[in-house]
Each structure stands twice: as C-alpha cells, then as structure tokens.
1. Given the criterion assigned to a helix (DSSP H, G or I) and at pLDDT 80 or above, identify the matching residue among LEU90, LEU35, LEU52.
2. Would you pick out the residues in segment 15-40 that are exposed (fewer than 10 other Cβ atoms within 10 Å of the Cβ) and within 19 Å of the chain's Cα centre (by Cα)?
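The values are calculated or read from the model by the stated rules, or taken from the named source; none is laboratory data. Because the structure is predicted, anything quoted here is derived from the model rather than measured. Reconstructed Cβ throughout: ideal geometry from the backbone, glycine too, with neighbour counts over all protein chains shown.
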Amino acid sequence: MLFEHKIRRAMKWSHDRKLRAEGRDPELEDLERELKNRGKQRPEELPTIEELKEQEAGLPLEKGDLPALIGTALITIVPVCLLVLVVICLAAYFLIFGW
C-alpha cells in the first residue's frame with residue numbers, strides 16, 4: 001500500500017491519544033504488548049519492562065556515524081540542488097536570448 005506507514009502512524013497516534021485520555025501510559029501499553037508477543041519464550045528469558053525501556057532509550061552514535069550521515073545527506077541533496085540550478089539557468093538563458 002502506498003501510504004501504509006503514514007496510516008499506521010496515524011492510527012498509533014490516535015490509539016495513544018485515547019489511552020492518555022483514559023489515564024493510561026501508551027509507552028507502558030506498548031511494552032506490555034511486546035512482552036505478550038514474546039510469550040513463546042520461557043518467562044525467565046523475557047526482559048522486564050525496565051530493561052525494555054533502557055533498550056528503547058536509544059543507542060549512542062558510534063565513532064563514524066556523524067560523518068557518514070553528513071556525507072549521505074550531501075550525496076543526496078547536492079545533485080538535486082545542482083539539477084534545480086541548471087534548470088533555472090537554462091530557463092533564464094532561454095528567456096533572455098530566446099530559442
């Protein structure tokens with residue numbers, strides 16, 4: 001489906017909003033649902049809610065992550081900007097000097 005990710009995100013936002021209105025914590029609900037989904041494992045192997053929260057807290061960036069992110073952004077953005085600049089220059093050229 002074309003907009004499947006956006007639809008899921010909107011549905012999750014709506015569900016979280018409903019839970020907050022009921023006075024329940026949506027993050028805690030998500031963690032409990034994750035524990036239920038992992039129910040095929042033995043109970044002693046399941047992580048606790050605190051462990052899941054620590055895992056979700058975010059992983060720190062590694063040594064070369066920031067330069068890689070900047071390089072990827074430049075590789076993506078610079079060619080598009082150059083293309084737009086070329087189109088604008090060509091349009092100006094043809095408007096000034098004609099066909």
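1. On the way: LEU35 fails: at pLDDT 80 or above; LEU52 fails: at pLDDT 80 or above.
Step by step, each of LEU90, LEU35, LEU52 is checked, and only LEU90 is assigned to a helix (DSSP H, G or I) and at pLDDT 80 or above.
2. None - no residue of segment 15-40 is exposed (fewer than 10 other Cβ atoms within 10 Å of the Cβ) and within 19 Å of the chain's Cα centre (by Cα), so the list stays empty.
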